[in-house]
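Just so it is clear, none of the values below were taken in a lab; they were calculated from the coordinates. Quick caveat: nothing in here was measured; it's all calculated off a predicted structure. Heads up, the Cβs are rebuilt from the backbone with ideal geometry, glycines too, and the neighbour counts pull from every protein chain shown.
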Amino acid sequence: MESQAFQKVYTKLTNITKATVTLKADGVGYDEIASVNGKLAQVVKITGDDITLQIFEGTEGIPTNAEVSFLGKPPQLTVSDELAGRFFNAYGAPIDGGPEIQGEVRDIGSPSVNPVRRKQPSNLIATGIAGIDLNNTLVSGQKIPFFADPDQPYNQVMAMVALRAKADKIILGGMGLTNDDYLYFKNVFDNAGALDRIISFVNTTENPPVERLLVPDMALTAAEYFAVDKNESVLVLLTDMTLYADALSIVSNRMDQIPSKDSMPGSLYSDLAKIYEKAVQFPSGGSITIIAVTTLSGGDITHAIPDNTGYITEGQLFLRRDSDIGKVIVDPFRSLSRLKQLVIGKQTREDHPQVMNSAIRLYADAANARTKLENGFDLTDYDERTLKFAREYSDSILAIDVNVGTDTMLDITWDLFSKHFKKAEVAIRESLVEKYWKS
Amino acid sequence: MEKENKTTGKVVGIVSNLVMVEVNGPIAQNEICYISLEKERLMAEVIKVVGKHAYVQVFESTRGLKPGSVAEFQGHLLEVTLGPGILSRNYDGLQNDLDKMEGIFLKRGEYTDPLNREKKWEFKPIVKVGDEVQAGAWLGEVNENDQPHKVMVPFKMKGTFKIKEIVSEGEYTVDHKIAVVTDDDGNDTDLTMVQKWPVKVAIGSYKEKPRPFKLLETGVRCMDTLNPITEGGTGFIPGPFGTGKTVLQHAISKQAEADIVIIAACGERANEVVEIFTEFPELEDPRTGKKLIERTIIIANTSNMPVAAREASVYTAMTIGEYYRAMGLKVLLMADSTSRWAQALREMSNRLEELPGPDAFPMDLSAVISNFYSRAGFVYLNNGKTGSITFIGTVSPAGGNLKEPVTESTRKAARCFYGLSQARADSKRYPAIDPIDSYSKYLEYPEVQENLETNVGDSWLKEVTKAKDVLLRGKEAMEQINILGDDGVPISFHETFWKSELIDFVILQQDAFDKIDASTPMKRQQYMLSKVLDVVDSSFVFSHFEDVSSFFKEVINEFKQMNYSEFESDKFKQHEGALNELLKKQAN
């Protein structure tokens, strides 16, 4: 950062709200950052010479004669290979006691990739979790969230996926992370010996909420450095995006904007899209894959946050506790990976798409049978068989503790088909049945 | 058109992409201006004027913009450039050619020429000296990717003109003077192959817009068979996320019987556009044997691109569509998704601090949507030829709730409704178009009915109605079974239910990723429907309700194998034979 020879200091605030201050100043650019009594702030509104600043830490204790200086630049991050293995706060400053990063200074929230310069994602990301690899295959350059209730082990599953995914760099963007979860991630990555390829930007519950707004852009600026400049495959983990959106609504509320659905700002879709659309496969080989967490309140996916997210991301993963087997499974009905069509049956075995669909259809039949049972009706022989199939399928495929290769997953499913069903009931293309049916 | 002295102004306020400019002269609503920011020039559009202050929406990020920056008003509205060379181009929402932009990232203030000015086109004149012409008249023709691209008298020209000069057949660039026309007062105007038109205004140069009457084949069975759309028709596809809107739209754009396909990716995922960029140059148009990309124009304003340009993108797409319609071509316009466009309107209305309507959308949302849908249609041109724009928009209802303002407003404007159902998607019954809730108003048009009877078959409409009845009865039977239990209802209920399942599995469900099943020509649809209805009409003997489901599952399996086989191939016939055996065995 070059220092400026002369910095004008303003000392007269005209307005203070919980998150913003207003003062008269000139020559100020939109989106520019400023320091208000040492607290970082950003220009969010200019009307004539009235400048409104959003103070990330909140305005507690800011006096009307606070010292305000404008820094003439948007929020920035210093990028270099030194980022690897380090932990930072939402402003990109080290919090691990290590030295400052030396390198190139870049503006965060950079422009979008020209769509014609993107490459179609086509590299499968194997996780070993059959509920993902078989039914909801992930592809590099994809963006996909876990839609989870707060009590579900989403952070554990995400850490597992991250470690097995063989990415060159893993970037963790933690927003409103509890200190315990932050330490959990740190330990898991450390124990796996992966710390040197992990970079973390963390805003914990102890930090002010509005600071969170910087975390995704910080994480993604670092990701773009490694993906574009170094042609690396980068996996970005964002948890929890619901808390990010909550911070957005706080700011828009303080700025007197008219809220739309669920008190969220009208621009929620665009705000979230700007983050998620950073997921990309570059022709040069570098890629950014985003796996996020959106916590739900009471499992309601029609709430504005999960709803807008679902329209942006390329699918979503649902976790659910299956009481029959006493394990957490990847819900096959509500989970979806939109990009799986690009790899299944192409990078995996030819029978993958049809096996996947038939198994889910039979699993759905089992769900119907269960409803019948609950309503006190007699079950047919077919119902009984689907129920048996569902239990075994849940245990050997859907459970998150499964860790096998895709071919094995397919073989296991064929085994279950042959054990419980007739060929016609499975309804798969004849040539595949001839080849793979286990008699 | 250009003003002699351009009005200028200076920036006095900024909130995100809404900028207030104090002006020193006359300006017009929706006029375009450029705001200088160091070396960059940011394009913006006037959306409100209060006294000396113009509120402009900037089509780019306003980061770093300072009060005092100079704005220069251009004296025209947002325009597209029309001429040969638009086909197979990839544009952003403001018609910048994305391929001409340098670097991986989009640069702010970089605007590129939509046309190739150097390329020479083989021009064949249609008019001769002395002919009387008016706006939209065909002056000549160039071959654009094997489409007869008509060079026309600019739509902006009012009145009648006499051709004074016209070039002879030969190779010319788009900017070459190809004709001179004289108006009634004897004033001459030079014409090239290029013209401009403001996107928010509909191109009018046609004689008549009758009700659509001709089926537009899409190869998607649950559309063509049950609820067909017409050439020049309008339809919309609402559906919660994950119900297959985009897959369905892509299927339609690949298979539909259109000369030109325009895809407006409006605020949607960039990877979906990349899929088109990647696949369309490889895929063949089954009717012409040429690559799909050659008849396709992509307007990509993905969700991370500037919001204001998103609003413009659907208008840009529609205007280009109208241009090709005026050449007598069949245009199919797909917009994914019109909800994102409505949200762009909402964001702006919010920044303008307008009083909000339902869900904070602007009050005139319904009018804006209706007005846009009304630009589609089948037309008779002034020279008696026909052209059409068929428009299908997707809607992404918030929370999957079809009562939200965008869906409701669109329902008033569009004639076909293809509602995607979460329940069908959850059970992987794709395409997830709800067969009972969806409708096509065109089926009620006598002219459409007559057209279907002539082109598909005399009894076709009766068969379609019957299929719908079977589906409805099947649904009722299923509800009864669920209430009373499998053995609490007569076996005939099971038969009714499974007959509707038969239609569901064989006709409605279609594998968009299977080479053969993905697209079904009308002849095959007709054959399969009558075959399925034959089964529906047959009576069978069952001794137990479980026999019903196992019998129909086998029947469905054979039918599905037929769907997966080349029509009338040996394999197809072999499965048909097996099917007939099955039916005979169970027959009464």
* Structure fact -> Placing one equal point scatterer on each C-alpha of the protein assembly as shown and summing with Debye, one gets log10 I(q)/I(0) at q = 0.04 Å⁻¹ equal to -0.22
* Any idea what the dipole of segment B:121-193 comes to, in debye rounded to 20, about its Cα centre with Lys/Arg Cβ at +1 and Asp/Glu Cβ at -1? -> 180 debye
* May I ask you to compute the full-extension gain from residue B:5 to residue B:354, defined as 0.36 nm times their residue separation minus their alpha-carbon distance, rounded to one decimal in nm? => 122.4 nm
* Rh by Kirkwood over Cα pairs, then Stokes-Einstein D for segment A:112-216 at 1.567 mPa s and 4 °C, µm²/s -> 84 µm²/s
* Asked: Where in segment A:340-439 are there GluC sites (Glu not before Pro) that are in a DSSP coil and have at most 16 other Cβ atoms within 10 angstrom of their Cβ?
  -> A:350
* Just the number, please: Stokes-Einstein D of chain B in µm²/s, Kirkwood Rh from C-alpha pairs, 37 °C, 0.692 mPa s. => 125 µm²/s
* Based on the mean of other Cβ atoms within 10 Å per residue, sort peptides A:58-69, B:114-125 so the most packed one is first. => B:114-125, A:58-69
* Over segment B:460-586: Kirkwood hydrodynamic radius from C-alpha pairwise inverse distances, Å -> 15.2 Å
* To do: Quick one: which residues, 5 or more positions from residue A:345 or on another chain, have an amide H under 5 Å from its amide H? H modelled 1.01 Å from N in the peptide plane, none for Pro or chain starts.
  => A:352
* Structure fact -> Summing -39500 (n - 2.57) over every DSSP H run of at least 4 in the protein assembly as shown, dividing by its residue total and rounding to the nearest 500, the 222 nm mean residue ellipticity is -9500 deg cm²/dmol
* Which of A:119/A:166; B:119/B:200; A:372/B:584; A:346/B:523; A:346/B:515; A:169/B:245 have a Cα-Cα distance over 23 Å? -> B:119/B:200; A:372/B:584; A:346/B:523; A:169/B:245
* Asked: When the Debye formula is applied to the Cα atoms of segment A:204-273, each taken as the same point scatterer, what base-10 log of I(q)/I(0) results at q = 0.16, 0.24 Å⁻¹?
  -> -0.64, -1.06
* **Long-range amide H partners of residue A:172 with built H, under 5 Å** => A:199, A:200, A:201, A:237
* Roughly how many debye, to the nearest 20, is the charge dipole of the protein assembly as shown about its Cα centre, given +1 on each Lys and Arg Cβ, -1 on each Asp and Glu Cβ, and no other charges? -> 1080 debye
* Asked: Cα axis of helix A:241-254 to longest principal axis of chain A: angle in degrees, 0 to 90, nearest 10?
  -> 40 degrees
* Take segment B:373-476, compute every pairwise Cα distance, and split them into 5 Å bins from 0; I just need the percent in each bin. => 2, 9, 14, 19, 18, 17, 11, 6, 2, 1, 0
* Convex hull projection area averaged over all views, segment A:338-431, Cα basis, nm² -> 6.9 nm²
* Run down the aspartates and glutamates and flag those whose C-alpha is under 20 Å from the C-alpha of residue A:327, throwing out any fewer than 8 positions away in its chain. => A:133, A:149, A:151, A:392, A:395, A:401
* Within segment B:31-57, what residues put their amide N at less than 14 Å from the label point 7 Å along the Cα-to-Cβ vector of residue B:364? -> B:31, B:46-49
* Asked: About its Cα centre, how strong a charge dipole does segment A:1-114 have in debye, to the nearest 20, once Lys and Arg get +1 and Asp and Glu get -1 at the Cβ?
  -> 400 debye
* **Added length on full extension, which subtracts the Cα-Cα distance from 0.36 nm per residue, residue B:24 to residue B:530** => 175.0 nm
* **Whole-Hz ³J(HN,Hα) from phi, Karplus 6.51 cos²θ - 1.76 cosθ + 1.60, for segment B:74-80, glycine and proline x** => 9, x, 9, 7, 5, 10, 10
* Structure fact -> Output for segment B:165-209: GluC sites (Glu not before Pro) sitting in coil per DSSP, at most 11 other Cβ within 10 Å, listed by number, reads B:169
* For labels at residue A:106 and residue B:189 in the simple 7 Å Cα→Cβ model, what's the distance in nm? -> 5.0 nm
* How large is ³J(HN,Hα), in whole Hz, for each residue of segment A:92-101 in order, when computed from phi with the Karplus curve 6.51 cos²θ - 1.76 cosθ + 1.60 and θ = phi - 60°, using x for Gly and Pro? -> x, 9, x, 10, 9, x, x, x, 4, 7
* Show which aspartates and glutamates lie in cross-link reach of residue B:385 when reach means a straight Cα distance below 20 angstrom and same-chain residues fewer than eight apart are skipped. => B:131, B:132, B:141, B:144, B:146, B:208, B:231, B:257, B:259, B:322, B:447
* Taking a quarter of the surface of the Cα convex hull of segment A:9-70, what do you get in nm²? -> 3.4 nm²
* To do: May I ask you to compute the full-extension gain from residue A:184 to residue A:373, defined as 0.36 nm times their residue separation minus their alpha-carbon distance, rounded to one decimal in nm?
  => 63.9 nm
* **Kirkwood hydrodynamic radius of segment B:8-77, from inverse mean 1/r over distinct Cα pairs, in Å** => 11.4 Å
* Asked: Expressed as cubic angstrom per residue, what is the convex hull volume of the alpha carbon set of chain A?
  -> 158 Å³
* **Expected-Rg normalisation [2.2 N^0.38 Å, Cα atoms] applied to segment B:221-448** => 0.98
* Using the Karplus equation 6.51 cos²θ - 1.76 cosθ + 1.60 (θ = phi - 60°), what ³J(HN,Hα) coupling, rounded to whole Hz, does each residue of segment B:107-120 give in order, writing x for Gly and Pro? -> 9, 5, x, 9, 10, 10, 6, x, 10, 9, 7, 8, 4, 9
* Structure fact -> The local net charge around residue B:124, scoring Lys/Arg +1 and Asp/Glu -1 for residues other than residue B:124 whose Cβ lies under 10 Å from its Cβ, equals -3
* Taking the simple approach of a point 7 Å from Cα along Cα-to-Cβ for both residue B:105 and residue B:81, what is their distance in nm? -> 2.7 nm
* Hey, could you pull the Cα Rg and Dmax for segment A:229-310, both in Å? -> 14.9, 45
* Rounded FRET efficiency, nearest 0.05, which uses the C-beta distance separating residue A:403 from residue A:82 and R0 of 30 Å -> 0.35
